[in-house]
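Here is the structure we will look at.
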Amino acid sequence: MINVTPVSDVMGAEITEINLANPISLDLKVVLQKALLKYQVLVIRKQNLTPDLQVKFSSIWGKLETPSNIEYTTKESSKVMILSNEINPDGSAVGVVDGGDFWHSDSSHIEIPSMVTILQSIKNPEKGGDTEFCNMVEVYNSLPETLKIKIENLYGIHHVSKVKNKRVTISPDRPGAKDFYESQAKTRPSVLQPLVLKHPETGQKSLYCSPRFTIGIKGMTEDEADPILERLFAPITDRNRPYHYRHKYKNNDLVLWDNRCVCHRAVGGYGLPDIRRMHRTVIAGTGAYNLQQTSPTQ
Ligand code: OGA
Ligand code: MN
């Protein structure tokens with residue numbers, strides 16, 4: 001029988017006694033879906049899924065996103081993206097290097113953000129390579145009532161480009177990153193997302209913004225928005241990690257999270273010749289949280 005055990009007091013559960021390479025029954029699908037809504041992060045140990053099987057398992061949550069960067073997908077499936085610090089013999093990168101290095105929720109910079117993200121640890125470094133998660137329902141609950149009221153109907157301005165965001169830096173290890181972000185700054189629009197997001201399935205409110213993607217608040221100057229954003233980000237980056245779970249991978253761990261109520265970041269702390277390789281699949285969101293969009297200049 002499948003076994004679900006919490007991994008911390010605030011979020012996350014480990015699932016054992018399950019082999020995702022076998023056909024997934026409707027009952028099991030419901031158990032997993034309910035567990036994700038309850039625990040926000042699921043850790044499923046000892047899986048060894050080929051890219052095709054990872055895609056098959058992932059699709060129980062919905063429609064898969066197609067990674068924009070085909071260069072870094074697996075040979076077997078274009079839906080599976082590789083995150084890795086490995087370098088090919090010709091000097092090119094095997095996968096995305098240093099992805100997710102600042103706190104964020106996946107794709108909040110596009111109109112319909114990602115719903116669920118699934119990482120399978122193929123090769124785990126000896127040292128480092130953890131992923132940290134933050135329970136954004138708890139973060140929202142921790143805010144003073146006056147601040148909750150103030151942000152209730154406000155929208156964060158989200159942008160993908162790191163050059164538009166003073167709170168982040170560009171990894172020197174990622175090939176072409178500076179040019180990429182310069183061009184994104186010019187060509188990609190900002191997107192508005194509600195600061196308070198009501199989860200479409202659980203109805204729970206969470207704080208929906210992040211140091212990585214949220215660069216302002218609609219209708220406010222930078223001077224007005226900055227103190228609010230700093231206050232909102234404080235519990236996410238709090239050194240005591242009060243609302244957090246830090247996952248230390250073993251090879252063949254499959255970890256998934258609900259981007260609608262979780263922020264996460266790659267901790268890093270590893271380097272060649274030590275290799276980290278993850279296979280990543282993403283379930284697309286089913287609708288926009290906010291239909292308004294700002295102009296490219298904003
Ligand atoms: C991601 C991500 C973190 C990690 O895949 O979206 O942020 O630890 N990954 O690799
Ligand atoms: Mn991410």
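The values are calculated or read from the model by the stated rules, or taken from the named source; none is laboratory data. The structure displayed is predicted, hence computed values, not measured ones. So basically every Cβ, Gly included, is an ideal-geometry build from the backbone, and we count neighbours across all protein chains shown. What goes into the accessible areas is simple: the full protein's heavy atoms, side chains included, and nothing from ligands, DNA or RNA. Shrake-Rupley method; radii C 1.70, N 1.55, O 1.52, S 1.80 Å.
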Inset, instruction - State whether the residues of the range 145-158 include one that is open to solvent by less than 10 Å² (accessible area, probe 1.4 Å) and either free of Cβ contacts under 8 Å to residues at least 12 places away in the same chain or within 16 Å of ligand 1 (Cβ to nearest atom) (or both). - result: yes
Inset, instruction - Could you list all residues from the range 71-100 that are more than 16 Å from ligand 1 (Cβ to nearest atom) and over 20 Å from residue 116 (Cα atoms)? - result: 71, 75, 76, 87, 88, 89, 90, 91, 92
Legend entry - Close pairs from the range 260-281: first more than 17 Å from residue 134 (Cβ to Cβ) and away from ligand 1 (no atom under 14 Å from the Cβ), partner of a type in the set (D, E, K, R) and open to solvent by 20 Å² or more (accessible area, probe 1.4 Å), Cβ under 7 Å, at least 6 apart: 274/126; 274/127
Inset, instruction - Can you run down the residue pairs with Cβ atoms below 6 Å, 6 or more apart or on separate chains, where the first is in the range 64-76 and surrounded by 14 or more Cβ atoms within 10 Å (Cβ to Cβ) and the partner is of a type in the set (Lys, Arg)? - result: 64/79
Inset, instruction - Check the range 234-242 and report whether any residue there is within 13 Å of ligand 2 (Cβ to nearest atom) and crowded, with 18+ Cβ neighbours inside 10 Å. - result: no
Inset, instruction - Please name all residue pairs, on different chains or six or more residues apart, with Cβ atoms under 6 Å, provided the first residue is in the range 97-109 and is charged (D, E, K, R) and the second residue is within 10 Å of ligand 2 (Cβ to nearest atom) and open to solvent by less than 30 Å² (accessible area, probe 1.4 Å). - result: 101/266; 106/114; 106/117; 106/259
Inset, instruction - Quickly run through the range 201-214 and pick out the residues that are over 16 Å from residue 263 (Cα atoms) and either open to solvent by less than 60 Å² (accessible area, probe 1.4 Å) or at pLDDT below 95 (or both). - result: 202, 203
